[in-house]
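See structure below.
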Amino acid sequence: LMGFVGFSNLPNQVHRKSVRKGFQFTAMVVGESGLGKSTLINTLFNTKLYQPKEPLPPSAERPKTVAIESISADIEENGVRLRLTVVDTPGFGDFVNNDESWRPIVEDIESRFDQYLEYENKVNRQKVVDDRVHACLYFIQPTGHSLRPIDIEFMSRLHTRVNLIPVIAKADTMTDEEIADFKTRVLADIAFHKIHIFQAPTYENEDEESLAEAEEIASKIPFAVVGSDKIVTTPDGRQVRGRAYPWGVVEVDNEEHCDFVKLRQMLIRTYMEELREYTDDVLYENWRTEKLLSMGV
Ligand code: GDP
Ligand code: MG
């Protein structure tokens, strides 16, 4: 265990358990086609800590996502090695009829539960591979109005199966004030429709620093994100990941410009363990109970 430092905010017991099992974390991106899901995955992986072996040529155009696919990489966060997988989904909006476009996504999540159940039932349980989806980033179109019926439908179909984390896509297309208003409206809609989004638990014996961090993260939900895998030059000559406009550069990694850093921090650092635990203890258990009941066991 000597090589593992960091994750200092985790209760010791949880930490030891995770280190023993190895960190596996799977996130999924869902939402309308063209909202920047695939780009955000690249942004997530292409961090200062992780250098892909074969970077995309700078001019490579991203092909449209046509099937559910996973991308995995080993990353290192605070000295802890982590196998991060992101499941990319095609997104809706490309079909005349979008009524059932949530179905293949829910089926994918459930088939991962199925697979996990199979592993658990094997005699040799040492080799349990956890491919379950621990977090689902739901991309909301930056309309500035409110949630659309299709968003409500999707989130309502998903929230009993996965930890939902709403994000406002392409936040660089809105002003700070518009984003703040939109966030308020989106949260009101989510509450009105009784959609359950991931809520981080707080611990009784938490120190001030962790409490402040938790509050800071919670205050950003739904995260307003900007994705980019391009390096651009700021007016003052810095090379940053961002999107260039005639009026300036929106920096992905600048917390004054968007919530990408906070989102990444929530997923990979602060709440990874809580997301995994809620998936295991609540979402998976509920699914298993439903399944057994439906089978008449
Ligand atoms: P997906 O269909 O949701 O996977 O969307 P893509 O990642 O393929 O992106 C669709 C288009 O939106 C591409 O032209 C991207 O360059 C662009 N895009 C991605 N992220 C952002 C963003 O944060 N802001 C803006 N303005 N454009 C973005
Ligand atoms: Mg895509």
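The values are calculated or read from the model by the stated rules, or taken from the named source; none is laboratory data. In this text, all values refer to a predicted model and were calculated from it rather than measured experimentally. Counting neighbours? That spans all protein chains shown, and the Cβs are built from the backbone with ideal geometry, glycine included.
Of the residues screened, Val167 is not one that is within 16 Å of ligand 2 (Cβ to nearest atom) and in contact with a Cys (Cβ under 7 Å, 6 or more places away or on another chain). In the stretch 25-45, the residues that are within 11 Å of Ile71 (Cα to Cα) reach residues that are part of a strand (DSSP E or B) and within 8 Å of ligand 1 (Cβ to nearest atom) with C-beta atoms within less than 7 angstrom, at least six apart or across chains, in these pairs: Ser38/Asp88; Ile41/Val29; Ile41/Asp88.
Condition check ((1) touching a residue at least 60 places away in the same chain (Cβ under 8 Å); (2) of a type in the set (Lys, Arg)) across all residues:
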position	(1), (2)
Ile195	no, no
Ala200	yes, no
Glu204	no, no
Glu216	no, no
Lys230	yes, yes
Arg238	no, yes
Arg264	yes, yes
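Determine if the stretch 82-97 includes at least one residue that is surrounded by 11 or more Cβ atoms within 10 Å (Cβ to Cβ), touching a residue at least 40 places away in the same chain (Cβ under 8 Å), at positive phi and within 16 Å of ligand 2 (Cβ to nearest atom).
Filtering the stretch 82-97 down to residues surrounded by 11 or more Cβ atoms within 10 Å (Cβ to Cβ) leaves 82-95.
From what's left, touching a residue at least 40 places away in the same chain (Cβ under 8 Å): 82-94.
Add one more test, that the residue is at positive phi, and what stays is 91, 93.
Now narrow it down to the ones that are within 16 Å of ligand 2 (Cβ to nearest atom): 91, 93.
Yes, the stretch 82-97 has at least one match.
Considered as a group, the residues in the stretch 193-233 that are among the hydroxyl-bearing types (Ser, Thr, Tyr) and surrounded by fewer than 17 Cβ atoms within 10 Å (Cβ to Cβ) include one that is farthest from ligand 2 (Cβ to nearest atom), and that residue is Tyr203. Evaluating Glu100 against the criteria (1) buried (at least 19 other Cβ atoms within 10 Å of the Cβ); (2) out of contact with any helix residue (DSSP H, G or I) (no Cβ under 9 Å at 6 or more places or on another chain); (3) outside any helix (DSSP H, G or I); (4) not hydroxyl-bearing (Ser, Thr, Tyr) leaves one unmet condition, (1).
Restrict the check to the stretch 241-250 and report whether at least one residue is touching a Ser or Thr at 6+ places or on another chain (Cβ under 8 Å), surrounded by 13 or more Cβ atoms within 10 Å (Cβ to Cβ) and more than 18 Å from Thr173 (Cα to Cα). For the stretch 241-250, residues touching a Ser or Thr at 6+ places or on another chain (Cβ under 8 Å), surrounded by 13 or more Cβ atoms within 10 Å (Cβ to Cβ) and more than 18 Å from Thr173 (Cα to Cα): absent.
Within this structure, Glu61 fails the test of being modelled with pLDDT of 90 or more, acidic (Asp, Glu), within 16 Å of ligand 1 (Cβ to nearest atom) and over 25 Å from Val128 (Cα atoms). For the stretch 7-47, residues that are at pLDDT below 75 and closer than 27 Å to Lys127 by Cβ total 14. State yes or no: is Leu292 out of contact with any Pro (no Cβ under 6 Å at 6 or more places or on another chain) and surrounded by fewer than 13 Cβ atoms within 10 Å (Cβ to Cβ)? Against the criterion (out of contact with any Pro (no Cβ under 6 Å at 6 or more places or on another chain) and surrounded by fewer than 13 Cβ atoms within 10 Å (Cβ to Cβ)), Leu292 qualifies.
Tallying residues that are exposed (fewer than 15 other Cβ atoms within 10 Å of the Cβ), closer than 23 Å to Gln199 by Cβ and touching an Asp or Glu at 6+ places or on another chain (Cβ under 8 Å) within the stretch 135-182 yields 1. Among residues of the stretch 103-134 being farther than 25 Å from Arg264 by Cβ and of a type in the set (A, V, I, L, M, F, W, C), the one that is surrounded by the fewest Cβ atoms within 10 Å (Cβ to Cβ) is Val123.
Inside the stretch 145-167, residues that are under 12 Å from the mean Cα position of the chain (by Cα) and either aliphatic (A, V, I, L, M) or in a helix (DSSP H, G or I) (or both) make up a count of 4.
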